[in-house]
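What follows is a single structure, written as structure tokens, with notes after it.
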Number of protein chains: 2
Amino acid sequence: MSDTPIFKRLCLIGIGLIGSSIALRAKRDGLVETIVISTRRKETLKRAEALDLGDEYTDQISEAVKGADCVILCTPVGTCAMIAERMAPYLADGVIVSDVGSVKRSVVDQIKPHLPATAHLVPGHPIAGTEESGPDAGFATLFDNRWCLLTPEAKTSREAVLKIRKFWEAMGSMVDEMDPDHHDRVLAVTSHIPHLIAYNIVGTASDLEEVSQSEVIKFSASGFRDFTRIAASDPVMWRDVFLHNKEAVLEMLGRFSEDLSALQKAVRWGDGDMLFDHFTKTRDIRRGIIDAGQETDEPNFGRGKTDDT
Amino acid sequence: MSDTPIFKRLCLIGIGLIGSSIALRAKRDGLVETIVISTRRKETLKRAEALDLGDEYTDQISEAVKGADCVILCTPVGTCAMIAERMAPYLADGVIVSDVGSVKRSVVDQIKPHLPATAHLVPGHPIAGTEESGPDAGFATLFDNRWCLLTPEAKTSREAVLKIRKFWEAMGSMVDEMDPDHHDRVLAVTSHIPHLIAYNIVGTASDLEEVSQSEVIKFSASGFRDFTRIAASDPVMWRDVFLHNKEAVLEMLGRFSEDLSALQKAVRWGDGDMLFDHFTKTRDIRRGIIDAGQETDEPNFGRGKTDDT
């Protein structure tokens with residue numbers, strides 16, 4: 001690449017699945033000169049050091065951000081205001097502040113008021129992840145061929161936006177820009193509602209009296225197990241997503257429930273044509289996702305291929 | 001194995017994903033002497049023959065069942081009564097009649113009245129499948145390490161039940177016996193409701209005005225794509241499941257909706273503790289499923305491992 005390193009001093013606040021994956025990729029490809037890792041919990045910081053994820057480690061945000069030309073918050077979205085407030089006095093002139101949160105309007109509202117005028121806020125959201133969490137969960141190719149959405153304000157320095165864009169392209173991502181409110185509505189339907197529904201059905205199944213937990217587990221290969229993957233996602237991260245994208249989540253949930261009532265009615269009245277039409281329509285979307293390179297086309301996600309073929 | 005072949009003449013009616021997988025495994029391991037394949041659509045029958053799935057092929061049910069010591073219906077559950085009626089006059093004395101349907105009470109009620117007294121009905125349900133369908137979708141190891149549930153009546157010949165049990169064990173399955181009504185309630189929660197919900201969310205997402213279909217597709221890696229897999233399942237099969245397990249589906253759907261309302265209320269009122277507690281509880285179930293050998297423990301189902309690691 002012509003002008004790497006992209007940043008001289010990259011500060012990652014939070015070192016879970018996303019933070020550690022950024023660190024691993026940045027290191028692998030020499031995208032930054034120095035990686036400073038900061039996290040609140042001492043044992044997580046130690047683990048990050050043991051994994052050799054960065055170059056410097058501190059539990060003090062004030063120390064961490066000093067001299068950094070880019071700071072990326074990789075923490076649950078509920079922590080942004082507190083972190084922004086704490087780091088603000090120590091930020092270098094011209095620093096780019098970004099994040100990786102799954103909600104964008106709230107993140108802007110939480111961070112913006114605290115930043116000095118010399119700082120550039122370029123919020124980001126890499127659409128990638130697994131059900132794992134923590135610094136051990138990261139891997140350098142997590143973002144390959146996945147989208148990263150940036151939601152800067154119109155008046156934000158284009159130079160700053162282009163640098164973050166370049167950084168995410170170097171992470172392997174395709175980058176798009178979007179209004180934060182639109183982002184939150186899109187993600188409500190592609191991510192937040194699916195997670196809420198998955199958490200819900202797994203909860204319902206574990207609370208039944210007449211069907212035992214061991215039956216649910218034994219016979220889960222008939223559909224249920226697919227839902228347990230996203231229902232195993234990080235509880236703090238997801239609590240914060242729902243608390244900070246309330247409006248869009250409630251609106252999309254309303255639509256989901258309306259549609260479910262229509263299907264329920266079709267089941268009750270034995271309306272086979274309605275069910276068939278609905279079940280046929282939904283088949284095409286998966287094909288679109290596979291064609292867009294966002295999903296494997298192997299049956300059963302190609303899971304357990306070694307014992308299945 | 002000591003006493004293979006288990007059956008002399010196995011008749012498979014219907015040759016989709018399940019029927020073709022049975023045929024491939026039976027052939028691979030010499031579990032039966034002759035496989036007779038019957039299906040209504042001429043092109044499917046031709047395709048089965050081209051794939052060399054059986055030994056004899058006919059679109060006439062009367063021909064197909066003649067002389068068979070085992071007949072397995074591998075068709076959507078809505079077809080059972082019609083098939084039972086048509087085949088009844090041609091069944092051999094002592095024949096075992098079985099099926100692979102995802103609903104069991106309705107299957108018993110549809111088949112039983114038509115069978116001659118000399119036939120043994122041993123309904124079955126292999127808890128295995130993929131989102132693919134048709135005779136090309138089958139593979140010999142589909143049932144390996146998956147459960148197969150049998151729901152015979154108490155008065156059914158034990159010899160017949162044990163033969164079907166042995167057959168499914170030879171398919172690679174673990175076998176359990178269960179009351180058909182209980183089966184239908186267990187599967188409502190582990191399979192039917194998850195499918196209905198997945199079909200529903202995929203439908204909701206494709207009907208929004210403000211979020212485009214291309215956005216749903218592009219950003220699906222954030223959760224949504226997991227749901228599209230089961231929402232790509234065979235529409236006729238699933239229409240019939242819902243029409244024939246109405247009561248249990250409606251009951252479980254009622255519970256699901258109640259629980260979802262509670263989560264919705266927590267989102268609306270910002271009850272982070274309730275969300276956190278719920279999201280924590282659901283994590284354990286996946287661990288149970290992985291430990292039970294019913295799911296891979298690789299992140300993201302191990303999907304696309306070649307490009308993700």
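Key figures for this structure:
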quantity: For chain A, built as a Gaussian network whose Cα springs stay under 10 Å, the top-fluctuating residue of A:PHE143, A:PHE242, A:PHE279; calculated: A:PHE279
quantity: Full-stretch length increase - B:TRP269, B:ASP207 - with 0.36 nm per residue and alpha-carbon distance subtracted; calculated: 19.5 nm
quantity: Axis proximity, chain A to B: residue whose C-beta lies nearest, plus whole-Å distance; calculated: A:PHE301, 2
quantity: Exercise: per-residue mean of other protein chain Cβ atoms within 10 Å, B:203-212; calculated: 6
quantity: Hypothetical label at A:LEU51: residues of region A:90-117 whose amide nitrogen lies under 19 Å (7 Å Cα-Cβ projection); calculated: A:99-102
quantity: Using a 7 Å Cα-to-Cβ projection, B:GLU247 label spacings across copies, nm, ascending; calculated: 4.7
quantity: Helix axis angle, B:272-291 relative to chain B longest principal axis, alpha carbon, degrees; calculated: 30 degrees
quantity: Listed residues A:LEU17, A:LEU121, A:LEU260, most fluctuating in chain A (Gaussian network, C-alpha, under 10 Å); calculated: A:LEU260
quantity: On Cα atoms only, tilt of B:17-28 relative to the major axis of chain B in degrees; calculated: 50 degrees
quantity: Ranking of A:PHE276, B:PHE7 by count of other Cβ atoms within 10 Å, fewest first; calculated: A:PHE276, B:PHE7
quantity: For region A:218-225, 3J(HN,Hα) per residue [Karplus equation, 6.51 cos²θ - 1.76 cosθ + 1.60, θ = phi - 60°, Hz, x = Gly/Pro]; calculated: 4, 9, 6, 5, 8, x, 3, 4
quantity: Unit charges on C-beta of K, R, D, E only; dipole of chain B, Debye; calculated: 500 debye
quantity: Using a 7 Å Cα-to-Cβ projection, B:GLY270 label spacings across copies, nm, ascending; calculated: 5.1
quantity: Rh by Kirkwood over Cα pairs, then Stokes-Einstein D for region A:7-178 at 0.692 mPa s and 37 °C, µm²/s; calculated: 211 µm²/s
quantity: Where labels lie 7 Å past Cα in the beta-carbon direction, separation of A:ASP93 and B:SER157 in nm; calculated: 9.4 nm
quantity: FRET efficiency, 1/(1 + (r/R0)^6) with R0 41 Å, evaluated for A:LYS281 and A:THR34 via beta carbons; calculated: 0.20
quantity: Orientation-averaged projected area, Cα convex hull of region B:28-93 (nm²); calculated: 4.8 nm²
quantity: Residue-averaged beta-carbon neighbours from other chains (10 angstrom radius) around A:139-145; calculated: 3
quantity: Residue of B:LYS166, B:LYS46, B:LYS265 that the Gaussian network model of chain B assigns the largest fluctuation, springs spanning Cα pairs under 10 Å; calculated: B:LYS265
quantity: Amide H contacts under 5 Å for A:THR34, placed H, 5+ residues apart; calculated: A:ARG9, A:LEU10
quantity: log10 of Debye I(q)/I(0), alpha-carbon scatterers only, for the protein assembly as shown at 0.05, 0.09, 0.12 Å⁻¹; calculated: -0.26, -0.74, -1.12
quantity: Proxy reagent accessibility, fewest Cβ within 10 Å first, across B:THR79, B:THR4, A:THR151; calculated: B:THR4, B:THR79, A:THR151
quantity: For chain A: relative contact order, % (alpha-carbon pairs under 8 angstrom, 6 or more apart); calculated: 15 percent
quantity: Residue order, fewest to most beta carbons within 10 Å, for A:TYR90, A:TYR199; calculated: A:TYR90, A:TYR199
quantity: Teacher prompt: B:ARG86 distances to equivalent labels in other copies, 7 Å Cα→Cβ, nm; calculated: 7.1
quantity: Alpha carbon Rg of chain B, scaled by the compact-globule rule 2.2 N^0.38 Å; calculated: 1.10
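Since every read-out is calculated from the coordinates, none of them should be taken as a lab result. This structure is a prediction, so every number in the text was calculated from the model and none was measured. Glycine gets a Cβ as well: all are built from the backbone with ideal geometry, and neighbour counts include every protein chain shown.
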